[in-house]
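All remarks here apply to the structure that follows.
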Amino acid sequence: MKLKPIGLLIAGACLIAACATVKVESPTGTEPPLATEAVLASTPEADKCLACHTDKQRLIDTAKPVELAEAESKGVG
Amino acid sequence: MAPLEPWEKVLVDAGKFLPTDHGQIACMECHNGVQASEKEAAHVGLIASPSSEPEKYCGGECHSEQVATYPFALHSTQQGYWTALEARGGSHPALDEMFGNHCATCHTTCGECHVSQPKNVGGGLFTGHVFETTPPMTRSCTACHGSRVGNEFLGKNEGIPGDVHFREARMNCVKCHEGEDMHGTATDAMTAEVNRFAGTESPKCVDCHEEAAPNGDNNPMHQVHGDTLSCQVCHSVTYTSCDGCHVAVSETSGNPFFETDATYQTFLIGRNPIQSEERPYAFVPVRHTPVTADAYEYYGENLLPNFNAAPTWVYSTPHNIQKNTAQNISCETCHNGDASIFLTADKVRPEEMEANLSVIVESLPPMLTLEQTLNAPTTPASHLEHASNSCTACHTKGIRNAPVSPEDHVIYKDRNCSGCHKLQK
């Protein structure tokens, strides 16, 4: 496979960045530990993350377009 | 690996994912964020890659076994890179910056083998967020290991067949590279592996092919060369080598990039630069790595001050195994004085000569035929008890009535004798 890792990386970075346009340090130590006993079953009605991430049209509408960053690397990596 | 649309990469398949164990856990338990209908508000404080902190998100009662060792596994430490840099004297702070820009992107999270495509190819959920026990070969492994191992294994180099294990047995990477190898076994930095070829061979061909070990079957090739040549010397074919890598940061975009001068197909047998009890082979196939003395020049002067301390033609295990190869057709292909498949000095660039002294083949294998070896007189059983293990000590001059070896034997060394002269039973 002929990868253009950097170009794709940029694309990927944009995508991930798109999910965090408001840059906030991840609060360390404040997250509750994984609920092991009382697991929270998700439903699209109850969970807004799930609602969006299972809705193709909303994802198409909100996904940042992949900027065609010209791959600057040359040769095989 | 087909490119995914941006939305496809992040589409969760509720029908598949929610019924699984991980699907029972709320998204925010792993990804943080905020319950909000607007994307930007919802993503405040988002943790895109929970498994980059495995002890926090994957450990606990669930995967404590993998979480205990993975931080010390090569996929996580990338120690192999550092071992190679340090072998050439590289220990400058500027190299840390270089590493962060160009190498760290291959640091692998649990999720990049079990949940979504590696970030360096743009990510994307494998199967609607299902955690796959078995990593998908082309969407995980060869997304990173593409240009050499992947192309060789899958037969993507023009005119060169893929690996017999893939072509005929439909084996994927993890049939040989099992979970334990990927997760590592060390639980502290002291015992962690220093590079991919440190210690025992893992996996080891004869673990599955017992019959091919010396004394396993009647194949004279296996009998004679079971531990002088690595299996790949006879069973692999032309593979990829590269030259002249340089890295830099783009002035226009600010992005790190690399350039390699040349990529070409070679098959060359060299001396084993890391011979050990665990890797006893005198000869192995060698691959040219694209490292150059000035590869990191962009970051500073002379960052690899001991460039010649490690070979640029390195020990390799090409992933295009075949039963029949051009070199294993007969004994004579290697024993006829033809140097074309051996890494002789004329094939090494002058500026890399010194670095490769441990690999360059100085004398070709002795001229011989199968008949000669089969007809060679056997060694008396009593020789087993010889205190001296030097055959030439007696047989060159005929000391103590020992038969004098023929003149053409001057090229043999002690360790060669038992290749033809088997001990009488």
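Please specify each residue of the range B:29-42 satisfying the condition of being open to solvent by 50 Å² or more (accessible area, probe 1.4 Å) and of a type in the set (S, T, N, Q).
The answer is B:Q35, B:S37.
Condition (residue is open to solvent by less than 50 Å² (accessible area, probe 1.4 Å), within 26 Å of B:V206 (Cα to Cα) and touching a Ser or Thr at 6+ places or on another chain (Cβ under 9 Å)) applied to the range B:294-314: is it met by at least one residue?
Yes.
Would you confirm, using the coordinates I've provided, whether B:P118 is buried (at least 19 other Cβ atoms within 10 Å of the Cβ) and more than 14 Å from chain A (Cβ to nearest Cβ)?
Considered against the rule, which asks whether it is buried (at least 19 other Cβ atoms within 10 Å of the Cβ) and more than 14 Å from chain A (Cβ to nearest Cβ), B:P118 comes out as no.
I need the full set of residues from the range B:32-41 which are in a helix (DSSP H, G or I) and facing chain A (nearest Cβ under 7 Å), in order please.
B:K39, B:E40, listed by residue number.
Yes/no matrix, rows are residues, columns are (1) closer than 23 Å to B:E362 by Cβ; (2) at pLDDT below 80; (3) among the polar types (S, T, N, Q):
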residue	(1), (2), (3)
B:H386	no, yes, no
B:E407	yes, no, no
B:Y412	yes, yes, no
B:N416	yes, yes, yes
B:G419	yes, yes, no
B:K425	no, yes, no
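From the list B:G128, B:G159, B:G123, which one is away from chain A (no Cβ under 14 Å), outside any helix (DSSP H, G or I) and over 20 Å from the mean Cα position of the chain (by Cα)?
B:G159
Select from the range B:4-18 the residues that are outside any helix (DSSP H, G or I) and under 33 Å from the mean Cα position of the chain (by Cα) and write down the one among them that is surrounded by the most Cβ atoms within 10 Å (Cβ to Cβ).
It comes out as B:V10.
Which one of B:K347, B:K323 is closer than 29 Å to B:G155 by Cβ and loosely packed, with under 11 Cβ neighbours inside 10 Å?
It is B:K323.
Per-residue answers, yes or no, for (1) closer than 17 Å to B:T127 by Cβ; (2) small (G, A, S):
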position: B:E5; (1), (2): yes, no
position: B:A14; (1), (2): yes, yes
position: B:A26; (1), (2): no, yes
position: B:K56; (1), (2): no, no
position: B:G89; (1), (2): no, yes
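Give the number of residues within the range B:162-182 that are outside any loop (DSSP other than H, G, I, E, B) and either within 11 Å of another protein chain (Cβ to nearest Cβ) or small (G, A, S) (or both).
The total comes to 1.
Quick check: anything in the range B:360-373 open to solvent by less than 20 Å² (accessible area, probe 1.4 Å) and not hydroxyl-bearing (S, T, Y)?
yes
With the checklist (1) within 14 Å of chain A (Cβ to nearest Cβ); (2) open to solvent by 40 Å² or more (accessible area, probe 1.4 Å) in hand, flag the one item B:P280 doesn't pass.
Tallying (1) within 14 Å of chain A (Cβ to nearest Cβ); (2) open to solvent by 40 Å² or more (accessible area, probe 1.4 Å), B:P280 fails exactly one: (1).
For B:L423, which of the numbered conditions (1) open to solvent by 60 Å² or more (accessible area, probe 1.4 Å); (2) touching a Ser or Thr at 6+ places or on another chain (Cβ under 7 Å); (3) under 24 Å from B:G337 (Cβ atoms); (4) not small (G, A, S) fails to hold?
Result: B:L423 fails condition (3) only.
For B:Y57, are the conditions met, namely being within 29 Å of B:F197 (Cβ to Cβ) and free of Cβ contacts under 8 Å to residues at least 40 places away in the same chain?
Judged against the criteria, B:Y57 is not a match.
Let me confirm something: among B:G162, B:G216, which residue is among the small types (G, A, S) and over 20 Å from B:Y281 (Cβ atoms)?
Checking each option against the conditions leaves just B:G162.
In the range B:19-28, which residues are within 7 Å of another protein chain (Cβ to nearest Cβ) and either surrounded by fewer than 17 Cβ atoms within 10 Å (Cβ to Cβ) or more than 28 Å from A:P65 (Cα to Cα) (or both)?
Passing the criteria: B:Q24, B:I25.
Across the range B:42-72, what is the number of residues that are part of a helix (DSSP H, G or I) and either more than 8 Å from chain A (Cβ to nearest Cβ) or among the basic types (K, R) (or both)?
15
Would you check if B:R400 is in contact with a helix residue (DSSP H, G or I) (Cβ under 9 Å, 6 or more places away or on another chain) and at pLDDT below 85?
In short, yes.
Given B:F258, B:F267, which one is among the hydrophobic types (A, V, I, L, M, F, W, C), open to solvent by less than 50 Å² (accessible area, probe 1.4 Å), in contact (Cβ under 8 Å) with a residue 40 or more places away in the chain and closer than 30 Å to B:D338 by Cα?
Testing whether each residue is among the hydrophobic types (A, V, I, L, M, F, W, C), open to solvent by less than 50 Å² (accessible area, probe 1.4 Å), in contact (Cβ under 8 Å) with a residue 40 or more places away in the chain and closer than 30 Å to B:D338 by Cα leaves just B:F267.
Which residue is nearest to the other protein chains (Cβ to nearest Cβ), if the candidates are limited to the range B:235-273 and must be part of a strand (DSSP E or B) and closer than 21 Å to B:V164 by Cβ?
In this case the residue turns out to be B:T240.
May I ask you to say which residue of B:H107, B:H92 is touching a residue at least 12 places away in the same chain (Cβ under 8 Å), assigned by TED's automatic domain parsing to the domain that holds B:G184, farther than 26 Å from B:P3 by Cα and open to solvent by 50 Å² or more (accessible area, probe 1.4 Å)?
Matching residue, one of B:H107, B:H92: B:H92.
For B:R287, state whether it is under 26 Å from B:E86 (Cβ atoms), in the same structural domain as B:D243 (by TED's automatic domain parsing) and assigned to a strand (DSSP E or B).
Considered against the rule, which asks whether it is under 26 Å from B:E86 (Cβ atoms), in the same structural domain as B:D243 (by TED's automatic domain parsing) and assigned to a strand (DSSP E or B), B:R287 comes out as yes.
The values are calculated or read from the model by the stated rules, or taken from the named source; none is laboratory data. Owing to the predicted nature of the structure, the values given are computational and were not obtained by experimental measurement. Neighbour counts are summed over all protein chains in view; Cβ atoms, including those assigned to glycine, are modelled from backbone coordinates with ideal geometry. The protein model used for the area step is the full one, side chains on, heavy atoms only, and it has no ligands, DNA or RNA in it. Shrake-Rupley method; radii C 1.70, N 1.55, O 1.52, S 1.80 Å.
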